[in-house]
Amino acid sequence: MTLTKTLAGLAAGTLLSTTAAFAQAYPERQITMVVPFSAGGPTDTVGRLIAERMSADLGQQIIVENVGGAGGTLGAGQVAGAEADGYTILLHHIGMATSPTLYRNLAFNPLEAFEYVGLVTEVPMTIVARKDLEPTDFPGLVAYVKENADTITMANAGIGAASHLCGMLFMQALDAPIVTVPYKGTGPAMTELLGGQIDLMCDQTTNTTEQIKGGTIKAYAVTTPARLAVFPDLPTVSEGGMPGMEVSVWHGLYAPKGTPADVVERLSASLQSALADPGIAEKLGELGTAPSPAADATPAGLKAKLEAEIARWKPVIETAGVYAD
Ligand code: ASP
């Protein structure tokens, strides 16, 4: 063996053992999980739930940082540009798949800017209103919205948010544009719905279940193909005459592109163990959903989902012709 080859071999060996030692030691300090919406909303709820269990598993605290705005693209962009060392991660949702079509000038490419950790959960949506809105059922709501399209207000978390996507499908089906009011997340939008300052919203059950059950807001339909066990009396949008507007909100966990593979694996294993925790399944069940199956809570599972969802929503958004820019 030549001296050059020997030196190269030694250098490679050092690199390998350094990488392995890094992964073994990881995490050595607090991790930041960016949630690209306001505190108190559904993405935040899911984020805090898994952050707590993953912190216990990893032996280091995962702190949630809410970076709301522009339908989740601000927070996602922040993580796309963060150091790829495993100490900044991102809990996002379906907006990762809709934003590359909705934002024609998006500063990052969702398919290239991240390492995939795994799918977390898939959450149904509900069409809800302030509790004193007149209509008593979904067909009644449809007629009411058509008659009052210029005065009724619908909240969303900005273009690219799940609430925006659901509202867009609703307006498409009604063929009536409604006045939309954007927030940095549907946590603050829910506060305004409860206060009666806003009329309508479409949001995840992780944000609406307690209020629907408590009677503090009115629910008209669920956006899933079948009724939900938590609301057996609530019809589906198909039953209400809108079969085209089924949508559910999947959440995925990401790290910036270039995060070492061993670190991504460690995060993914930690996510899987959090999702296997019966306490998490129970809490998500109470909120109308369930943890993603272990096979999907993997880098490959999330990558496949993101690719399929970008392809699914691109033509829908292009047909609607609604863009953020
Ligand atoms: N539910 C929100 C959305 O419409 C986001 C959130 O606050 O979690 O995308």
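With R₀ fixed at 22 Å, the C-beta to C-beta distance from residue 191 to residue 107 puts the FRET efficiency at about 0.15. Treating the angle as unsigned and between 0 and 90°, give the value, to the nearest 10°, between the Cα long axis of helix 299-320 and the longest Cα principal axis of the chain. Compared with the principal axis, the helix lies near 40 degrees.
All other residues whose Cβ lies under 13 angstrom from that of residue 268 are scored, Lys and Arg at +1 and Asp and Glu at -1, for a net of -3. Charge dipole of the chain (Cα centre as origin; +1 on each Lys and Arg Cβ, -1 on each Asp and Glu Cβ, all else neutral): 500 debye, rounded to the nearest 20. Distance between the 7 Å Cα→Cβ label points at residue 30 and residue 294: 3.3 nm. Taking all Cα pairs closer than 8 Å and separated by 6 or more residues, the relative contact order of the chain comes to 27 percent.
Seen from residue 236, the other residues with C-beta closer than 9 Å to its C-beta sum to a net charge of -1, counting Lys and Arg as +1 and Asp and Glu as -1. Relative contact order, whole percent, for the range 124-222 stands at 48, derived from Cα pairs under 8 Å and 6 or more residues apart. For the set 218/283; 146/314; 257/283, the pairs lying more than 25 angstrom apart at their alpha carbons are 146/314; 257/283. Less than 13 Å Cβ to Cβ from residue 188, Lys/Arg counted +1 and Asp/Glu -1: what total charge do the surrounding residues give? Once positives and negatives cancel, what remains is -2.
Please state the shape class of the range 94-137: rounded when a/c is under 1.5, otherwise prolate if a/b exceeds b/c and oblate if not, all from the C-alpha gyration tensor. Oblate shape, in that a/c is at least 1.5 and b/c is the bigger or equal ratio.
For a paramagnetic label modelled on residue 132 (point 7 Å from Cα along Cα→Cβ), amide N atoms under 16 Å away belong, within the range 200-236, to 200, 216-218. The C-alpha atoms of the chain define a longest principal axis, and helix 261-275 lies at about 40 degrees to it.
For the range 124-222, just say rounded, prolate or oblate: build the C-alpha gyration tensor, square-root its eigenvalues into a ≥ b ≥ c, call rounded for a/c under 1.5, and beyond that prolate if a/b exceeds b/c, oblate if not. The shape class here is rounded.
Only the coordinates and a few stated rules stand behind these numbers; no lab work does. Computed from a prediction, not measured in an experiment: that's the story for all the values here. When we count neighbours, we look across all protein chains shown, and the Cβ atoms used for this are built from the backbone with ideal geometry, even at glycine.
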